[in-house]
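Engineer: What follows is a single structure, and I will ask about it in a moment.
Derivation of every value follows stated rules applied to the coordinates shown; laboratory data play no part. All figures in this text were calculated on a predicted structure; none of them were measured in a lab. So basically every Cβ, Gly included, is an ideal-geometry build from the backbone, and we count neighbours across all protein chains shown.
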Amino acid sequence: MKNFEPFIHSLIKKRIIPGISLLVGKGEEILLKKHYGYKSLLPQKEMLKENTLYDLASLTKPLITALLTLYLVEKEKKITLNTNIRKFFPLLAFDINLLHLLTHTSGLPAWYPFYLYGEDYTNQFKPLKLESRPGKKVNYSCVGYILLYYIIEKIAGTSFKEFAQKIIFEPLGLKNTFLFVPEDLKKFAAPTENGNHYEKRLAEKKDKKMANYFFWRDYILQGETHDCNSWYLGGTAGNSGLFSTTEDVFRITREFSPSTTSILAPESTHHFRENLTPFKKSHRTIGFKRNSSFITSGGRALSREAIGHNGVTGTSLWLEPKGGYTFILLTNRIHPVMKDEKQVGFNRIRRKLHRMIVKNLEIER
């Protein structure tokens, strides 16, 4: 038995997670691929399987949105990372560029319930207030990546979903990756929250009147993205919405290395590793967080050069340049109830599991 397995079984027994899928790779080789526990607890218990689809939540940002943006910067000579967003939305007053959006330094708020006010979110950007000066501070922002969604559509001249299908999914042969899960495949997805109670509470703090009138989903969310901004925009808003398996995620991660990328020019991949926010508390690359940040998610088991991202549903991805390791941890920890992070301490649990897996690999290598 792997030395981390008793810890995983204890998490499942305590119902901190229903189950978990792990994949560890080195270069293009898969060293470890395991599934533990249950796909669902409600309406009935179902065991995890290899083809289980996970709601990857914010892993959508680096895996799809950042990758597509860099692709367009490469192919469209009229734009650069320093292109002001007013080139695409002239009426916006924000003096921010694509790099600000990609590195969470735009100053835009972390979150906003666009869906409360209609299907076209673009009309709602103008009145938003910046919370910090662009380029001066890391302010993690889903709003910024929703804006990138619209910018990508304007440049590409097609829908975000169709563009991702053409540029990423089809060339890489991804058979189990979706920005909108087909109806007949929803049964293969690991369900998340029973209703959108967590987001409803957030929306009530922003606008209680509109939140009380809104038609919230009140059923077990399975094969539907948990994030409401994504769901009500047709499945994804660039900040969330991606569903996939451990193997397909592993295939996408090869695009962030100069030796294995097929979508970008090899020299472009350095943007995913370079620290573009040399501030004290948070180091960001394009799409990713560096482990050199003041508060890390990867833990001491990974080098300061490692890059990664977490998702609120319980997903995480870390890429370790030393040795070329990939660590993918996918779980639906918010099923059937979204527990308070401060009470559960899931980020701490995730770091501990990372350390145990790395230690196990050192023993077995």
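Engineer: Rank these for me by crowding, F243, F125, F7, going from fewest to most other beta carbons within 10 Å.
Structural biologist: Sorted ascending by nearby Cβ count, the order is F7, F125, F243.
Engineer: Could you put D248, D207 in order, starting from the residue whose Cβ has the fewest other Cβ atoms within 10 Å?
Structural biologist: D207, D248
Engineer: Would you mind getting me the FRET efficiency between E74 and N347? Use the beta-carbon distance for r and R0 = 41 Å, nearest 0.05.
Structural biologist: 0.75
Engineer: Just to verify a number: FRET efficiency for K187 and S262, C-beta to C-beta distance, R0 = 30 Å, to 0.05?
Structural biologist: FRET efficiency, K187 to S262: 0.40.
Engineer: Calculate the dipole size of the chain relative to its Cα centre from +1 charges on Lys and Arg beta carbons and -1 charges on Asp and Glu beta carbons; express the result in debye to the nearest 20.
Structural biologist: Using only the charged Cβ atoms, the result is roughly 1400 debye.
Engineer: Still on this structure, I have one more. When only DSSP loop residues count, what trypsin sites (Lys or Arg not before Pro) in the stretch 41-85 have their Cβ near at most 14 other Cβ atoms within 10 Å?
Structural biologist: In loop regions of the stretch 41-85 (DSSP not H, G, I, E or B), the sparsely surrounded trypsin sites (Lys or Arg not before Pro) are K45, K49, K77, K78.
Engineer: Can you compute 3J(HN,Hα) from phi for each residue in the stretch 216-232, using the Karplus curve 6.51 cos²θ - 1.76 cosθ + 1.60 with θ = phi - 60°, rounded to whole Hz and x for Gly and Pro?
Structural biologist: Listing the rounded values in order: 7, 5, 10, 10, 5, 7, 10, x, 10, 4, 5, 5, 6, 4, 6, 4, 7 Hz.
Engineer: Report, by chain and number, residues whose modeled amide H sits under 5 Å from the one on L53, excluding near sequence neighbours (fewer than 5 apart, same chain).
Structural biologist: A189, A190
Engineer: From the residues L147, G157, T315, which one has its Cα farthest along the dipole of the chain in the positive direction, the dipole being from +1 and -1 charges on Cβ of Lys/Arg and Asp/Glu about the Cα centre?
Structural biologist: T315
Engineer: Which whole-Hz couplings ³J(HN,Hα) result when phi for each residue of the stretch 56-67 is put into the Karplus expression 6.51 cos²θ - 1.76 cosθ + 1.60, θ = phi - 60°, listed in order with x for Gly and Pro?
Structural biologist: Karplus-based 3J(HN,Hα) across the stretch 56-67 equals 7, 6, 6, 5, 4, 4, x, 5, 10, 5, 5, 5 Hz.
Engineer: Going by C-beta contacts inside 10 Å, put R350, R217 in order with the fewest on the left.
Structural biologist: Ordered from fewest to most neighbouring Cβ atoms within 10 Å, R350, R217 come out as R217, R350.
Engineer: Helix-only mean residue ellipticity at 222 nm, the chain, DSSP H runs n ≥ 4 weighted -39,500 (n - 2.57), per residue, nearest 500. What is it?
Structural biologist: Taken over the chain, the calculation gives -7000 deg cm²/dmol.
Engineer: Counting alpha carbon pairs within less than 8 Å and at least 6 residues apart, what relative contact order, in whole percent, applies to the stretch 163-234?
Structural biologist: RCO, the stretch 163-234: 37 percent.
Engineer: OK, next. Counting alpha carbon pairs within less than 8 Å and at least 6 residues apart, what relative contact order, in whole percent, applies to the chain?
Structural biologist: In percent, rounded to a whole number, it is 24.
Engineer: What three numbers, in Å, describe the spread of the alpha carbons of the stretch 79-172 along their principal axes, ordered from the longest?
Structural biologist: So the three principal-axis extents are 39, 30, 24 Å.
Engineer: For the chain, give the share of DSSP beta bridges that are antiparallel, in percent and rounded to the nearest 5; count only bridges with both residues there.
Structural biologist: 95 percent
Engineer: If the limit is 20 Å between Cα atoms, which of K14/K39; K322/K342; K13/K39 go over it?
Structural biologist: K322/K342
Engineer: Moving on. Which value in nm describes the separation of the simple spin-label points at R133 and K14, placed 7 Å from the Cα toward the beta carbon?
Structural biologist: Going by the 7 Å Cα→Cβ label model, 4.5 nm.
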